[in-house]
Amino acid sequence: MKTLLAKWMTWRMALIGIVLFAVLGGTLSLTVSPAAAAGPCGGTVSMHDRLPLPGHLIPVLHGVAPLGTLDCHQVLQLTISLKPRDPDALATFLANLNDPASPDYHHYLSVQEYAERFGQPQAVLDQIVAFLRGAGFTINDIAPNHLSISASATVAQIEAAFGVQLMRFTFQGRTVRAPTNDPSAPAAIAPAIQAIMGLSDVAQAFRPK
């Protein structure tokens, strides 16, 4: 009887330990609503009705400890690169452009024709611009081909808008910035976004000093 009681107490304490581990931030999470942890400037962004934008982590910084955060008021220049409309049709067109047997051989498009066929629709551009402006961004330029939007914002505004954390690192003897997690965007516009260029400046570390 004492043996059974001891085993029951052991299992009970183990169960309590598991629950406490989960509550205190262990791998067993009790969080119901997923969230994208932004940087200290931007707070925490709920992932409700948002989608991740993968591919923004910098492989050469894997395992490198960050130096610290960025100045929340620092202004960064970003380019929101957009996916082409109907990428399969675009790939076919580009192949035909160099095929002498194709009616599209050397049939180059004007910027307006390219935008109409392969750029994002105006309605999508308007949604993205409205989101950026609502987050405090300044819109600097919209590419005529409808495939990129240039904007500027503070680190705090960027972290809050995209649920991303930006940190400083030492790489190749220079101090660089890079995200520590992939950004996210509202589900209504995320499928149109290819990449957010400017979150990292690691490429500058490869340039001659």
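Criterion applied to Asp104, Asp71, Asp99 was being of a type in the set (D, E, K, R), under 30 Å from Ala156 (Cβ atoms) and in a loop (DSSP other than H, G, I, E, B), and the one residue passing it is Asp71. Candidates in the stretch 165-201 are the residues that are hydrophobic (A, V, I, L, M, F, W, C) and part of a helix (DSSP H, G or I); of these, the one that is farthest from the chain's Cα centre (by Cα) is Ala192.
The residue that is surrounded by the most Cβ atoms within 10 Å (Cβ to Cβ), among those in the stretch 158-202 that are among the aliphatic types (A, V, I, L, M) and over 29 Å from Ala123 (Cβ atoms), is Leu166. Among the residues of the stretch 145-164, the ones that are closer than 17 Å to His56 by Cα and either part of a loop (DSSP other than H, G, I, E, B) or aliphatic (A, V, I, L, M) (or both) come to 6 in all. For the stretch 124-144, how many residues meet the condition of being of a type in the set (S, T, N, Q) and either assigned to a helix (DSSP H, G or I) or touching a His at 6+ places or on another chain (Cβ under 9 Å) (or both)? Looking only at that region, the number is 1. Does Pro121 satisfy the condition of being under 20 Å from the mean Cα position of the chain (by Cα) and closer than 29 Å to Ala160 by Cβ? No: the conditions fail for Pro121.
Would you say Ala205 is free of Cβ contacts under 8 Å to residues at least 60 places away in the same chain, more than 15 Å from Met47 (Cα to Cα), surrounded by 15 or more Cβ atoms within 10 Å (Cβ to Cβ) and not acidic (Asp, Glu)? Yes.
In the stretch 39-97, which residue that is surrounded by 12 or more Cβ atoms within 10 Å (Cβ to Cβ) and small (Gly, Ala, Ser) is nearest to Tyr114 (Cα to Cα)? Checked the stretch 39-97; the qualifying residue nearest to Tyr114 (Cα to Cα) is Ala89.
All of the numbers you see were taken from the coordinates with simple rules; none came from a lab. All figures in this text were calculated on a predicted structure; none of them were measured in a lab. So basically every Cβ, Gly included, is an ideal-geometry build from the backbone, and we count neighbours across all protein chains shown.
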